[in-house]
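Below is one structure, written out as structure tokens; comments come after it.
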Amino acid sequence: MLTFSEQTRAASLTRMAEDRFDVLVIGGGITGVGIALDAAARGLSVALVEKDDFAAGTSGRSSRLVHGGLRYLEHGELGLVRESLRERGILFRLAPHLVRPVPMYMLAGDLRRRATYRAGLTAYEMLAAGRNIGYHTSVSAGRVAEAIPGFGGRSRGFKYFECQTDDARLTIEVARAAHAAGARLANHARVTGLLGEGRVTGATVTDEMTGQGFEVRARAVVNATGIWAERVAELAAGSGGVRLRPSKGIHLVFAPGAVRTTAAVVAPSAAHDGRYVFIVPWEDRVYAGTTDTPYQGDLDDPAVGDADRDYILAAVAGLFPGVTSRDVVASWAGLRPLLGQDDAGDTTSSDLSRKHAVFTGPFGLYTITGGKLTTYRAMAEDLVDRIAADLGGSGPCRTREIPLGLHGPAAAAVRLARDEVARLGLPPRTAVRLVRRYGDDWRQAARLIGEDASLGEPVADGLPVLGVEVALARSREMALTDQDVYVRRTRLTTLGLTPSTGSRRE
């Protein structure tokens, strides 16, 4: 098992202060770690610093779907949809334990709606160009009732497929792959300034755990800070052109049994604004989202407001009668770094493009923002291509072929894991959980349980998270704080557990 721990971080910080790198990446979200992996895999020396924790921002607060963006067809963004579907296929191949197919149901009771959905899904699958996860089918009202037993009406519909992931765990796995490729990474390391006059030659960094400051020098500096990109760009004199229009998206998590469905449902919003809400099974719960509203508040801690909550609740209750705010056990809010447009005027945030953009300047500084979780690998390839050309070349992009934590099919790993967990006296579902969370490292997780049987037990009654997951968060995934463990590595807060007391919120 590759060690990625507090000790790994300490060694990386020492090297950052001593060495000069080809590339310094600022930002430990999915885009930043993707760039670190791409650059390191090409043979460039890479350092990455993140002011909080990996995936602490937008990358850990998404809808947890790796998808092509069916809705973007309405805006004619065929190129973005095609790119997203291609990247969905690549991620499904590279990380089959983390990126898994999920059936999606769209309800369509009338002929006009069925014709519209059928046309859209057909075009969607054609754009996937052989990388389809599955093909759409028409489903009867009876089949809808079987898949969605809590549905309060009766309707025919369509079933199609997207992929689901734990966005924070995907980010961690890419960070680990970057470390394996030679990159030096550190979370809780804040950039306080940029070095150089006339060109950017590095950054001043403060270790948030000790308060110690140091300098990191690099030939190229990448601002991959997402929603904070404008602020970091402003640290460099002469930078400009980065304009963001943040958009807030919130999700609600419902108690087990409150929203009875075995498949994800695409529900029209009750506001009749043309938007849809995803209602998605996850663990033994269901979450629903998202909103898409302009945001001007605190970038570090966006809140779930009453209007946000009511918007999602209304959509869920429209299909699942009887669901109320009392059924909500957790929530999260994230901010999309949407690109501002000079001629956008009163354009709503839902109509702004999800494409990414790269800004250069002053010399040595590259800012990348926009984009989607699904397309992070393509974004990284685009940016590193530009950096490599400016630095005098490097090897070709290799990230289409680098496995993200699992070599071989997930089903084969699960079969092996079942034999081992049976020997430990654990149920078969434990094997599935260990493979889905750790890929090839399920063996190390099982070994730890063998040495300490308590690690095979849930951390709290009625929750699926095992003690071994908390232990591995520190040694395998560079979790330094309780928030790192509870919020992102294990998702215990999303399951309704508070990190301060270990008590349930339900």
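The values are calculated or read from the model by the stated rules, or taken from the named source; none is laboratory data. From a predicted model like this one, the values you see are computed outputs, not experimental measurements. All Cβ positions, glycine included, derive from the backbone under ideal geometry; neighbour counts span all protein chains shown. Accessible surface is based on the protein model in full, side chains and every heavy atom, while ligands, DNA and RNA are left aside. Shrake-Rupley method; radii C 1.70, N 1.55, O 1.52, S 1.80 Å.
Annotations
- Of the residues Thr291, Ala271, Ala203, the one whose Cα sits farthest toward the positive end of the charge dipole of the stretch 195-303, with +1 on the Cβ of Lys and Arg and -1 on the Cβ of Asp and Glu, is Ala271.
- Computed from the Kirkwood radius of its Cα pairs, the Stokes-Einstein diffusion coefficient for the stretch 79-226 at 20 °C and 1.002 mPa s stands at 109 µm²/s.
- For GluC sites (Glu not before Pro), the sites in the stretch 355-429 that DSSP calls loop and that have at most 12 other Cβ atoms within 10 Å are Glu401.
- Estimated from helices alone, the mean residue ellipticity of the chain at 222 nm is -10000 deg cm²/dmol (sum of -39500 (n - 2.57) over DSSP H runs with n ≥ 4, per residue).
- Spin-label proximity, Glu283 to the stretch 462-496 - amide N less than 14 Å from point 7 Å beyond Cα toward beta carbon: 462-470, 485-496
- What the stretch 208-258 shows is 41 Å² of accessible area per residue, with the surface traced by a 1.4 Å probe over protein heavy atoms.
- Neighbourhood charge, 12 Å Cβ-Cβ cut-off, centred on Asp308 and excluding it, Lys, Arg +1 and Asp, Glu -1: -1
- Given charges at beta-carbon only (K, R positive; D, E negative), |dipole| of the stretch 427-504 in Debye: 280 debye
- Exposure check, 1.4 Å probe, all protein chains in place: Thr3 carries approximately 80 Å² of accessible surface.
- What the Cβ-Cβ distance of Met1 and Thr262 gives, at R0 = 45 Å and to the nearest 0.05, is a FRET efficiency of 0.85.
- Whether the stretch 275-433 is rounded, prolate or oblate, judged on the alpha carbon gyration tensor where a/c under 1.5 counts as rounded: oblate
- Structural size metrics of the chain, computed from C-alpha coordinates, are Rg and Dmax of 22.5, 69 Å.
- Computed over the stretch 169-220, the convex hull of the alpha-carbon atoms projects to a mean area of 4.5 nm².
- Cα gyration tensor category, rounded, prolate or oblate, for the stretch 205-251 with a/c compared to 1.5: oblate
- Annotation for the stretch 104-158: chymotrypsin sites (Phe, Trp or Tyr not before Pro) lying in DSSP loop with at most 12 further Cβ atoms inside 10 Å of their Cβ are Tyr135.
- In a fully extended conformation the segment linking Arg429 and Ser269 would gain 54.1 nm over its present Cα-Cα distance, using 0.36 nm per residue.
- In the stretch 186-278, the ratio of gyration radius to Kirkwood radius, Rg to Rh, stands at 1.21 when only Cα atoms are counted.
- The charge dipole of the stretch 207-276, taken about its Cα centre with unit charges on the Cβ of Lys, Arg, Asp and Glu (plus for the first two, minus for the last two), comes to roughly 300 debye.
- Compactness of the stretch 1-147 was expressed as the Cα radius of gyration divided by 2.2 N^0.38 Å, which yields 1.42.
- Based on the reciprocal of the average 1/r between different C-alpha atoms, the Kirkwood radius for the stretch 22-97 equals 14.3 Å.
- Separation of the stretch 391-457 and the stretch 216-274, taken as the distance between their Cα centroids, equals 29 angstrom.
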